[in-house]
Amino acid sequence: MKEILGSNMETTARSNRKYIGLIGRRNVGKSTIINLLTGQETSIVSDFAGTTTDNVQKNMELHGVGPVVFVDTAGYDDIGEIGQLRVEKTKRVLNKLDVALLIIENELTDFDKKWVNLLKEYKIDFIPILNKDDIFSYSEDKIKEMENILEKNILVFSINKDKNIIIEELGKKLAVKKEKTITGSLVNKNSLVMLVMPQDKEAPKGRLILPQVQTIRELIDKNAITIAVDLEQVEEALKYLNKDPDLIITDSKVFEEVYKLKPKNSLLTSFSVLFAALKGDIDYFVKSANTIEKLNNKSRILIAEACTHPPITEDIGTVRIPNMIRKKYGENIEFDFVRGDDFPKDLKKYDLVIHCGACMFNEKHVESRVSQAKKQNIPFTNYGVTIAKIKGILNKVVLT
């Protein structure tokens, strides 16, 4: 089996790719292996331990797997103050990984065993690769001993061996499954779908935001009949149609306005709600949103945004949602905000976590955050579900 480097290699968003992490001690050959797999000088290779100082990511298309991101990480046995910061960055990658290549050499150290336990804790499947067989010439007894400790079969490898033996193992771990779609069973061939997409200052100039782009592309692939309008054109557009839309997908911030305008027989949802169902636990999101009614002036809420763009005056996460909640449930409710990969480990001081639609995160990344909240018994929902709840239309919105 060999990799296919096709046109999709750079065009598929990283949020829609499977993440494969190479982890291990310093100088065990992680960078060499990732360069072999990608066929490029993705990472710097050196005999000096600790050459990889930050996580290196490379997009690739793997036959039988699809679009993936390889992540080369700093050695988890790094030392010193700076070394520990590198190790922490490696730990943060675990939130994203769908599978890991655990690179080891010569023996299983305490560092290796610690990280095997971390992989299990994060529920990440992994392939142990016993590297540098050309140098150490591992005996069958030594291999068996390590396999017993890891409770997994080990892939014995060296730079002289065919890299496809690793790719084949990855293919087994990431076997192509029926992918979930954004619109799920809500849209079929010839479904009439109206997209209500008010463009504000958050949208990049001359372009659509990612959830809208990905949804439109899916609707085209499903051979749906699609019409896109601004909020002001909804009523006029409905007059032009000879039938009511089967589905209306709106920007969450105008949920209430669109609900008042929609035909009785048209289903209604939002981009944010659809992405909540695509990448998160929609049932938990709805259950958590129902706790909003219990908020009071002593409550504290964490709002998490996957994007790292600076907030604008009317930003939905930092301005609109807090204003809606304070107006209805308590003017003194406190809000904390995080962006990108930043996310606190301890959520116990929060009464609720509200996440964006996470179009920039892969499914595993969202799952890890939801799981973290569940373990600490903290309600966790997202923007679209929250707005629908506050506006009193959550039970009138289709979720999947």
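The values are calculated or read from the model by the stated rules, or taken from the named source; none is laboratory data. Predicted model only: the values in this text are computed from it and were never measured. We place every Cβ from the backbone using ideal geometry, glycine too, and count neighbours over all the protein chains shown. Quick note on the areas: whole protein, heavy atoms, side chains included, nothing else; ligands and nucleic acids left out. Shrake-Rupley method; radii C 1.70, N 1.55, O 1.52, S 1.80 Å.
So here's what we get for this one:
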{"read-out": "In segment 295-323, the residues that are open to solvent by 40 Å² or more (accessible area, probe 1.4 Å), in a helix (DSSP H, G or I) and modelled with pLDDT of 95 or more", "value": "N323"}
{"read-out": "Residue match in segment 1-16 (condition: of a type in the set (K, R), open to solvent by 10 Å² or more (accessible area, probe 1.4 Å), modelled with pLDDT under 85 and within 20 Å of L155 (Cβ to Cβ))", "value": "yes"}
{"read-out": "Pick from segment 17-28, criterion open to solvent by 10 Å² or more (accessible area, probe 1.4 Å) and either free of Cβ contacts under 8 Å to residues at least 24 places away in the same chain or within 18 Å of G83 (Cα to Cα) (or both), ranking: farthest from the chain's Cα centre (by Cα)", "value": "N27"}
{"read-out": "Exclusive hit being among the hydrophobic types (A, V, I, L, M, F, W, C) and within 22 Å of Q212 (Cβ to Cβ), set V370, V385, V338, V353", "value": "V385"}
{"read-out": "Condition met for I149 (open to solvent by 60 Å² or more (accessible area, probe 1.4 Å), of a type in the set (V, I, T) and not in a loop (DSSP other than H, G, I, E, B))", "value": "yes"}
{"read-out": "Scan of segment 245-293 for residues that are under 15 Å from L195 (Cβ atoms) and not hydrophobic (A, V, I, L, M, F, W, C), ordered by number", "value": "P245, D246, T250, D251, S252, K253, E257, K262, S266, T269, S270, S272"}
{"read-out": "Residue list for segment 224-275, filter: basic (K, R) and either crowded, with 23+ Cβ neighbours inside 10 Å or under 19 Å from A388 (Cβ atoms) (or both)", "value": "K253, K260, K262, K264"}
{"read-out": "Residue list for segment 360-381, restricted to those being within 16 Å of D342 (Cα to Cα), in contact with a helix residue (DSSP H, G or I) (Cβ under 7 Å, 6 or more places away or on another chain) and modelled with pLDDT under 95", "value": "M360, F361, N362, V366"}
{"read-out": "Those residues of segment 31-58 which are open to solvent by less than 10 Å² (accessible area, probe 1.4 Å), modelled with pLDDT of 80 or more and not aliphatic (A, V, I, L, M), in sequence order", "value": "T38"}
{"read-out": "Conditions (1) more than 22 Å from E61 (Cα to Cα); (2) over 29 Å from the mean Cα position of the chain (by Cα); (3) touching a residue at least 40 places away in the same chain (Cβ under 8 Å): number failed by I159", "value": "(1)"}
